[in-house]
Each structure stands twice: as structure tokens, then as C-alpha cells.
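Accompanying notes for the structure given below.
Every read-out reported here was derived from the displayed coordinates using simple, explicitly stated rules and does not represent laboratory data. The structure displayed is predicted, hence computed values, not measured ones. All Cβ positions, even for glycine, are placed from backbone atoms using ideal geometry, and neighbour counts span all protein chains on display.
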Amino acid sequence: MTLKINELFSVAGKVAIVTGGSRGIGKMIARGFVENGIRTYITARKAEACQQTAAELAEFGECVAIPVDLATSEGRAMFVSEISEREPKLDILVNNAGAAWGAPFDEYPESGYDKVMDINVKAVFMLTRDLLPLLQQDATPGNPSRVINIGSIDGLRVSGTDNFAYGASKAAVHFLTKNLAVRLAPRGITVNAIAPGPFESQMMAHMLENFRDKIENENPLGRIGTPADMAGLALYLAADVSRYMTGQVIALDGGRHLGSRQ
């Protein structure tokens, strides 16, 4: 292997899945993959939005929509079956699909807590498990397949919001990342997590619309994340340059989880 940067960071020819790829962080990652030669499958619960995004991204390369609800066992089985018919192996799995639920502690509904945990934690574990045959096909510790889980800085700190289940679910994703990294390394699969701070997304829309100045002023770098920030880190974790890295939770937040600049 050479040390030329264009080879260390090349991802062309790989096959990837990005869950929750129709919008927000998932779409940022999917576009980065597609523009750099990765055949990318995106999935989301809302079929029209998923297909619309795939058509948009297909202008830059190969992007295919497979709309399903990954929170259900039936949806996951349908998705895995469809991917298995299309691809003999999988190089990259990005577990991005997620949900949040905000409510005061005394009124927090059990149904909301269950929904967040099912989508943010259970679906990540189950989908990774079910795609394992494709991920480990032709993978070796020297040339591993990649699992990239999307956590959150709310899993690294107490945010002070009423999203009680969300922070707990993302902390669980971070720990699951470390657990799977150890278990799957012998099979030639690395598992890392990105813990984003504020980015433009539907989940952050209300906060950014009402408190954008405060959020940016508190951030050590004085801004929120951009699509290039997110896509760049995902591409790094998908490329040869990071093939010896596993079990890491990387905060991508301008330093916000470390504290405020004010």
C-alpha cells in the first residue's frame, strides 16, 4: 500500500447503505458518498421523500432509494432481502435513522420513550446483525468493511432539554459502537460512531429557528456544522486511511460538548 493521499482517501467503487438518508445528516453523508464514487442505497420511512432525494443525488452518481420502516422487524427483513438480491457484499453501513421526543419529565409518555429507543438503538443493533453476512463477505482485518453509527453530543453530556429518551438512546449507541467494535473486528468489520452537535436538520429545525444566535454564540467555533463537515468525516471513516480505527466515538460539534465559549 502506498502513502499517496488520493489512494489513502479513495472510496470509489464501494457500496454503502445510509439509513435515514432522505434528509438532514443522512442526506449530507449520502451526497458525500455518491459524489465520490460510492454506490449508495438510502432508506427512509416516507417513500416519496426517499425517492425524491435519491433522484436528486443520482445526478452526482449512483443512488438508489429503498423506502422502509426500519423500526419494525418486517421493514428490516424486507430491506435486507432487497439489498441481498441487489448486492453480493456491502462495504459501508451508516446507521443514521433516528427519532427524538420532547416532553416534561412528569408527563413523558411511555410510547414516546419506546419509539425513540426502538429506532435509535434497537434498529441499529438488529440491522447491523442482519446485514452481517454482506458486511463480512470478502472483508478482512486488513481490509475491513465499515459500520458508522450516528450518535449525538447529547449522549456525551446532559443537554438540559426535555429529550430524556434521546440522550439516553445516543449514549447507548456510543456504548453499542464500542461493544460491536470488539465483537466484529475478527470478522473484518470496524465500527465507529459520529456524535454530531448542531447541524441543519429537521430534528434541529425548531431550535435553530428560535435560538440560532444563542447556539452559535455558545459554540467554541461560533457556528453550526455544514454538510461538508459531516460528509468529510464520514468519508474519512469509509476510506483506507481509517482502516485501523475502530470503537471510536468522534464528537463533530465545534467543541461544544466540552463547554461554552461564553
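Inspect region 127-142 for any residue being of a type in the set (A, V, I, L, M, F, W, C), more than 19 Å from the chain's Cα centre (by Cα), surrounded by fewer than 17 Cβ atoms within 10 Å (Cβ to Cβ) and not in a helix (DSSP H, G or I) and give the result as yes or no. Full working, then the answer.
From region 127-142, those of a type in the set (A, V, I, L, M, F, W, C) are 127, 131-132, 134-135, 139; that's our starting set.
Applying the additional criterion that residues be more than 19 Å from the chain's Cα centre (by Cα) yields 139.
Among the residues that remain, those that are also surrounded by fewer than 17 Cβ atoms within 10 Å (Cβ to Cβ) are: none.
Within region 127-142, not a single residue is of a type in the set (A, V, I, L, M, F, W, C), more than 19 Å from the chain's Cα centre (by Cα), surrounded by fewer than 17 Cβ atoms within 10 Å (Cβ to Cβ) and not in a helix (DSSP H, G or I).
For A54, are the conditions met, namely being among the small types (G, A, S), surrounded by 20 or more Cβ atoms within 10 Å (Cβ to Cβ), part of a loop (DSSP other than H, G, I, E, B) and in contact with a helix residue (DSSP H, G or I) (Cβ under 9 Å, 6 or more places away or on another chain)? Full working, then the answer.
On the way: among the small types (G, A, S): yes; surrounded by 20 or more Cβ atoms within 10 Å (Cβ to Cβ): yes; part of a loop (DSSP other than H, G, I, E, B): no; in contact with a helix residue (DSSP H, G or I) (Cβ under 9 Å, 6 or more places away or on another chain): yes.
No.
Go through A30, A16, A99, A77 for me and flag whichever is outside any loop (DSSP other than H, G, I, E, B) and surrounded by fewer than 24 Cβ atoms within 10 Å (Cβ to Cβ).
Criteria check complete, one pass: A77.
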| note | Exception for S159 within (1) among the hydroxyl-bearing types (S, T, Y); (2) surrounded by fewer than 20 Cβ atoms within 10 Å (Cβ to Cβ); (3) closer than 28 Å to L8 by Cβ falls at (3)
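In region 33-51, which residues are of a type in the set (G, A, S) and either closer than 27 Å to D240 by Cβ or surrounded by fewer than 19 Cβ atoms within 10 Å (Cβ to Cβ) (or both)? Steps first, answer last, please.
Taking region 33-51 first, the residues of a type in the set (G, A, S) are 37, 44, 47, 49.
Listed by number, the residues that qualify are G37, A47, A49.
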| request: Please enumerate the residues belonging to region 14-61 that are under 17 Å from E82 (Cα atoms), out of contact with any Phe, Trp or Tyr (no Cβ under 7 Å at 6 or more places or on another chain) and hydroxyl-bearing (S, T, Y). | output: T19, Y41
| Given S169, S159, which one is under 18 Å from A103 (Cβ atoms) and part of a loop (DSSP other than H, G, I, E, B)? | S159
| query | Right, P220: in contact (Cβ under 8 Å) with a residue 24 or more places away in the chain and either surrounded by fewer than 16 Cβ atoms within 10 Å (Cβ to Cβ) or within 22 Å of S145 (Cβ to Cβ) (or both) or not? | reply | yes
